[in-house]
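The values are calculated or read from the model by the stated rules, or taken from the named source; none is laboratory data. The structure displayed is predicted, hence computed values, not measured ones. Backbone-built Cβ (ideal geometry, glycine too); neighbour counts: all protein chains shown.
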Amino acid sequence: MKDMIEGYTTADGRQIGGVLMELKNITLRFGGVVAIKDISFDIREGEIRAIIGPNGAGKSSMLNVISGFYVPTEGEVWFRGERRPAMRPYQVARLGIARTFQNIALFDGMSVLDNIMTGRLTLMKSGLLSQALWMGKAAEEEDAHREKVEKIIDFLEIQNIRKTPVGRLPYGLKKRVELARALAAEPKILLLDEPMAGMNVEEKEDMCRFILDVNDEFGTTTVLIEHDMGVVMDLSDRVVVMDYGRKIGDGPPEEVRNNQDVIDAYLGVAHD
Amino acid sequence: MFYREAGDFKTSYRADSQTFPIRLDRMGFWAAMLIAYAVVPFVIDDYWANAVFVPFLIYAIAAIGLNILVGFAGQVSLGTGGFMAVGAYAVYKLMTAFPEVPFFFHVILAGGVTACVGVLFGLPSLRIKGFYLAVATLAAQFFLVWLFNKVPWFYNYSASGQITAPDRTMLGIYITGAQTSAVAKYLFCLVILTLVALVARNLTRGTVGRKWMAIRDMDIAAEIIGVNPLTAKVTAFAVSSFFIGIAGALLFSVYLGAAEVGEAFGINKSFLVLFMVIIGGLGSIFGSFAGAAFLVLLPVFLKNVLVGAFGWPTDVAAHLELMIVGALIILFLIVEPHGLAQLWRIAKEKLRLWPFPH
């Protein structure tokens, strides 16, 4: 990894681009509790970046900072070469940052198709009046976006459930629909908060395949939080390790695996 | 066996996302339209128009309006009566101030005025949710009724404090006032209801509707995917109040002819329309029709049965009628909490398989 400015080539030969997002000295406090303490790292175009760490390490808080749900107490978020000012979450979404949630956050009353279509809301432009009359632009736009959504439905192999209300689906499929909704936004950065939590081995394998395929097919930059170490080591290009809100490791999986701080954090260390 | 979608293939996304994807539904829809426009006007008389059809049409408009707010956008409102009063007083002021403008535009403009008022009272919804929002809209209800009672400008300083609809024509036919025929009232309300239902359907199937439903189902997730909660909630309040204002304007000018605000647009009206929406089915345009039909027709039907068939005294029948309607509402909600629209959906699913069980 000689050339960090121009990007690097991964172990499996994929070319990773320049810095897409940079987090500089992020600190996040809730009153007296320090959730994240002075963390800096970058996310490069086209890579799969993992954030790992024991429970309560501040991984989800970190993801929430990236997705704009939390505004960091200190530090700066740089996105595509510009400093991102404090924004509401919906404004961050419009910049091209999409995410999934640890405990699925789908719209239960709507069908799978409608749920995925909501992912494209930021890209749809027709006004209230044009939609009220459903003539010309609104209807054409709807069809054009439907076509894109159908491609994602094919890609994630959920054709048979497209008209089913999401509330009726089993857990594994819901996770897949949520991924579809995030993908529908054609995000610059895709944030996945424990995409494999609570899944059995087969579902995990499916999900891994989808994450790799998405990265391969669309070149989507992906940031994921995951507890399954096997999965993380196999999937990710670079890993950030957090413990008690601090960064204790950052680098390719094999490097992180041999880092003494990381081993201590996961296995515990004798205090004397 | 007869009602099914097998063999009804869709070859474009447009065809797949149409309002009635199943052919038999489309035929049913056009049959209903044919009956409403080409059969009913020839058989309608004053009794049927005043007791059944006109109130049904007007309350269906109000129910569609409230359903957009409560059923689609998930914002509970108890201010429907107040917003209907805004529509009624707006149309009254417009009719008396600009007699030369066609009445149709007065009704639409009254809807616009109500939409503005609705947005104003909808702004707190950004901060308060659920029961608390219901209480806030309740305040709107009482405030608006008080306002129209206390400020004589709204009722043109009339001695009685009432508003009375002046005679207005469209294309030379009386729409309001004493000379209006049953057919004219019926057709005018029917045309407006058709337009309102089409617009409501178009809005709820597109981007705007998805934003509303996203806010309803999980507002935090909606914001994360790029929905601005302020604009989504405010448009819901605007569109909903627009329709409710139109309903209020029609109720006053076409149906009642004269109105006193506390009596015609009190809290009872808010609850009546809310019951229609809940019994009909939240988040369903068809449900709004069903709920309005249920609550308008049931009392008429009961009265006819009790007084006409059983020969009971009118006052006993009137009290019994209230009790039976109340009991039926409770029964309905126990049997099917998602309303008549859900019953209809279940019936259709069963019909699709009939006569086979699976």
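If the condition is being under 22 Å from A:Ser61 (Cα atoms), free of Cβ contacts under 8 Å to residues at least 60 places away in the same chain and of a type in the set (A, V, I, L, M, F, W, C), then the range A:183-232 contributes A:Met196, A:Val231. Take the conditions among the β-branched types (Val, Ile, Thr), closer than 30 Å to B:Gly161 by Cβ and assigned to a helix (DSSP H, G or I) and apply them to B:Val277. Does it pass? No; evaluated as a whole, the condition is false for this residue.
Would you point out the residue of the range A:106-147, among those that are part of a helix (DSSP H, G or I) and touching a His at 6+ places or on another chain (Cβ under 8 Å), that is surrounded by the fewest Cβ atoms within 10 Å (Cβ to Cβ)? Talk me through it step by step, then tell me what you get.
Our first condition is that a residue be part of a helix (DSSP H, G or I); within the range A:106-147, this holds for A:112-118, A:121-123, A:128-133, A:137-147.
With the extra rule that they be touching a His at 6+ places or on another chain (Cβ under 8 Å), the set shrinks to A:117, A:123.
Values: A:Met117: 23, A:Leu123: 17.
The extreme case among them is A:Leu123.
Here A:Glu150 meets each of (1) at pLDDT 90 or above; (2) crowded, with 19+ Cβ neighbours inside 10 Å; (3) more than 19 Å from the chain's Cα centre (by Cα); (4) facing another protein chain (nearest Cβ under 9 Å) with one exception, condition (2).
Only one of these is in contact with a helix residue (DSSP H, G or I) (Cβ under 6 Å, 6 or more places away or on another chain), over 30 Å from B:Leu69 (Cβ atoms) and of a type outside the set (Val, Ile, Thr): B:Leu340, B:Leu306, B:Leu295. Name it. Explain how you work it out, then say what you get.
Details: B:Leu340 fails: over 30 Å from B:Leu69 (Cβ atoms); B:Leu295 fails: over 30 Å from B:Leu69 (Cβ atoms).
After ruling out the rest, the residue left standing is B:Leu306.
Of the residues in the range B:235-252, at least one is closer than 13 Å to B:Ala73 by Cα and free of Cβ contacts under 8 Å to residues at least 40 places away in the same chain. Considering only residues that are in a strand (DSSP E or B) and touching a helix residue (DSSP H, G or I) at 6+ places or on another chain (Cβ under 6 Å), look in the range A:47-94 and name the one that is nearest to the other protein chains (Cβ to nearest Cβ). Across the range A:47-94, the extreme among qualifying residues is A:Ile51. Taking the conditions (1) within 11 Å of chain B (Cβ to nearest Cβ); (2) surrounded by fewer than 22 Cβ atoms within 10 Å (Cβ to Cβ) in turn, A:Glu157 satisfies each one other than (1). Select from the range A:15-44 the residues that are acidic (Asp, Glu) and more than 21 Å from A:Val256 (Cβ to Cβ) and list them in ascending order. Result: no residue meets the conditions.
Just to be sure before I move on: is B:Lys233 touching a Ser or Thr at 6+ places or on another chain (Cβ under 7 Å), within 14 Å of chain A (Cβ to nearest Cβ) and more than 29 Å from B:Leu34 (Cβ to Cβ) in the structure I sent?
Working: touching a Ser or Thr at 6+ places or on another chain (Cβ under 7 Å): yes; within 14 Å of chain A (Cβ to nearest Cβ): yes; more than 29 Å from B:Leu34 (Cβ to Cβ): yes.
Yes, satisfied.
Could you identify the single residue in B:Ile225, B:Ile220, B:Ile215 that is in contact with a strand residue (DSSP E or B) (Cβ under 8 Å, 6 or more places away or on another chain) and either within 13 Å of another protein chain (Cβ to nearest Cβ) or basic (Lys, Arg) (or both)? Working first, answer last.
Details: B:Ile220 fails: in contact with a strand residue (DSSP E or B) (Cβ under 8 Å, 6 or more places away or on another chain); B:Ile215 fails: in contact with a strand residue (DSSP E or B) (Cβ under 8 Å, 6 or more places away or on another chain).
Matching residue, one of B:Ile225, B:Ile220, B:Ile215: B:Ile225.
Only residues that are surrounded by 13 or more Cβ atoms within 10 Å (Cβ to Cβ) and out of contact with any strand residue (DSSP E or B) (no Cβ under 7 Å at 6 or more places or on another chain) were counted in the range B:144-155, giving 7.
Does B:Pro313 satisfy the condition of being surrounded by fewer than 16 Cβ atoms within 10 Å (Cβ to Cβ) and under 30 Å from B:Phe142 (Cα atoms)?
no
Output the number of residues of the range B:280-315 satisfying the condition of being of a type in the set (Gly, Ala, Ser), in a helix (DSSP H, G or I) and within 30 Å of B:Asn202 (Cβ to Cβ).
Step one: filter the range B:280-315 for residues of a type in the set (Gly, Ala, Ser), giving B:280-281, B:283-284, B:287-288, B:290-293, B:308-309, B:311.
Applying the additional criterion that residues be in a helix (DSSP H, G or I) yields B:280, B:287-288, B:290-293, B:308-309.
If we keep only those that are within 30 Å of B:Asn202 (Cβ to Cβ) as well, we get B:280, B:287-288, B:290-293.
Adding up the residues that qualify gives 7.
Condition check ((1) touching a Cys at 6+ places or on another chain (Cβ under 7 Å); (2) touching a residue at least 40 places away in the same chain (Cβ under 8 Å); (3) more than 9 Å from chain B (Cβ to nearest Cβ)) across all residues:
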site: A:Ala98; (1), (2), (3): no, yes, no
site: A:Gln102; (1), (2), (3): no, yes, yes
site: A:Thr122; (1), (2), (3): no, yes, no
site: A:Gln131; (1), (2), (3): no, no, no
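For the range B:119-165, filtering for residues that are of a type outside the set (A, V, I, L, M, F, W, C) and closer than 22 Å to B:Leu256 by Cβ leaves 12. Scanning the range B:239-271 for residues that are buried (at least 24 other Cβ atoms within 10 Å of the Cβ) and more than 15 Å from the chain's Cα centre (by Cα) yields a count of 4. Checked against the criteria, B:Thr207 does not count as under 15 Å from B:Phe243 (Cα atoms) and within 14 Å of chain A (Cβ to nearest Cβ). Are any of the residues in the range A:161-182 surrounded by fewer than 21 Cβ atoms within 10 Å (Cβ to Cβ), facing another protein chain (nearest Cβ under 7 Å) and closer than 23 Å to A:Glu217 by Cβ? There is no residue in the range A:161-182 that is surrounded by fewer than 21 Cβ atoms within 10 Å (Cβ to Cβ), facing another protein chain (nearest Cβ under 7 Å) and closer than 23 Å to A:Glu217 by Cβ.
Exactly one residue out of B:Leu320, B:Leu343 is touching an Asp or Glu at 6+ places or on another chain (Cβ under 6 Å) and surrounded by 13 or more Cβ atoms within 10 Å (Cβ to Cβ): that is B:Leu343. Among the residues of the range B:241-253, those identified as away from every other protein chain (no Cβ under 13 Å) and modelled with pLDDT of 90 or more are B:Ser241, B:Ile244, B:Gly245, B:Ile246, B:Ala247, B:Gly248, B:Ala249, B:Leu250, B:Leu251, B:Phe252. If you filter the range B:325-358 down to residues that are without any contact (Cβ under 8 Å) to a residue 24 or more places away in the chain and of a type in the set (Val, Ile, Thr), you find that the one that is farthest from B:Val277 (Cα to Cα) is B:Ile346.
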